[in-house]
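Working notes, beginning with the structure itself.
Bear in mind that the values in this text are calculations on the coordinates, not laboratory data. What you are looking at is a predicted structure, and each value in this text was computed from that prediction instead of being measured. Every residue, glycine among them, receives a Cβ derived from its backbone with ideal geometry; neighbour counts consider all protein chains shown.
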């Protein structure tokens with residue numbers, strides 16, 4: 001059987017725990033699509049070294065792991081969960097939401113509801129206001145219709161600071177782990193996911209343009225120089241979203257690769273700001289066998305015989 005014909009269906013029902021969590025919390029809903037499962041493939045079928053991924057689980061930077069998921073070419077090739085988490089677990093992505101408002105801005109600009117002046121900086125609150133004014137829709141409604149439902153993500157919700165408060169656009173979107181991977185697939189696939197062109201072609205590249213001379217911020221994305229790590233990323237063009245604690249969504253458009261990692265620091269551990277944001281990403285990037293060689297890469301002999 002062709003491995004690309006093999007699709008494992010995911011849960012189409014939000015966990016009851018979500019309802020229990022939502023009841024007392026002021027929120028607005030983000031409606032979704034069919035919430036079907038994502039296709040899976042063996043790492044080798046996507047030219048990734050499975051042993052290297054398993055080895056990454058033992059790395060000190062993976063301590064306290066809740067989720068470690070790797071997607072390439074829209075196929076999940078590696079999943080490992082801990083601390084009671086799973087593919088359908090709901091997480092508050094924190095500032096992952098900045099990527100969503102930036103994508104919604106692209107859809108609104110394509111629609112003619114947002115002018116190019118909105119791209120002169122990145123202010124999530126101002127963008128939300130401009131999108132709502134230009135589209136005559138609440139932000140959560142527009143996000144649902146133009147981004148969340150088209151990628152078939154399950155229903156999600158955005159927590160409010162108080163009942164009736166403005167919908168935050170830079171935080172607080174609660175969604176399934178695997179639906180954050182859909183966002184990753186959309187961003188590394190030039191705005192296309194599951195055969196649908198959801199974002200304008202080239203919009204991800206536009207989001208990746210530096211907004212300042214230090215090149216640490218793109219439009220809703222963190223750029224490679226923003227990462228705190230002992231070494232730079234192992235391939236050019238890496239982007240990422242920075243969530244709470246040790247939650248990160250790394251994006252490598254040149255390799256069609258998205259990597260989600262999440263963990264909460266153990267008691268007494270270093271602050272989240274001190275956590276190495278490049279090491280786990282690099283372990284995955286270097287496991288990609290068809291990655292163009294980069295300066296400083298070890299040869300196969302050097303990997304087998306340390307110090308050779």
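Which order do peptides 183-196, 108-121, 229-242 fall in by mean Cβ count within 10 Å, highest first?
183-196, 229-242, 108-121
So what is the diffusion coefficient of the chain in µm² per second by Stokes-Einstein at 20 °C and 1.002 mPa s, using a Kirkwood Rh over Cα pairs?
Roughly 108 µm²/s, to the nearest whole number.
Treat each spin label as a single point 7 Å out from the Cα along the C-beta direction, and report the residue 44 to residue 133 distance in nm.
5.8 nm
From Cα pairs below 8 angstrom and at least 6 apart in sequence, can you work out the relative contact order of segment 172-230, rounded to a whole percent?
Once divided by the residue count of segment 172-230, the mean separation gives 17 percent.
What percent antiparallel are the DSSP beta bridges of the chain, to the nearest 5?
Looking only at bridges with both residues in the chain, the antiparallel portion is about 95 percent.
Helix-only estimate, please: 222 nm mean residue ellipticity of the chain, summing -39500 (n - 2.57) across DSSP H runs of length 4 or more and dividing by its residues, to the nearest 500.
Rounded to the nearest 500, it is -6500 deg cm²/dmol.
Once the Cα atoms of helix 124-135 and of the chain are each reduced to a long axis, what angle between those two axes, in degrees from 0 to 90 to the nearest 10, is obtained?
The answer is roughly 50 degrees.
Would you work out the relative contact order for the chain, in percent, from Cα pairs under 8 angstrom that are 6 or more residues apart?
23 percent
Could you work out the relative contact order of segment 213-258? I mean the mean sequence separation of Cα pairs under 8 Å and 6+ apart, divided by the number of residues, in percent.
Rounded, it is 25 percent for segment 213-258.
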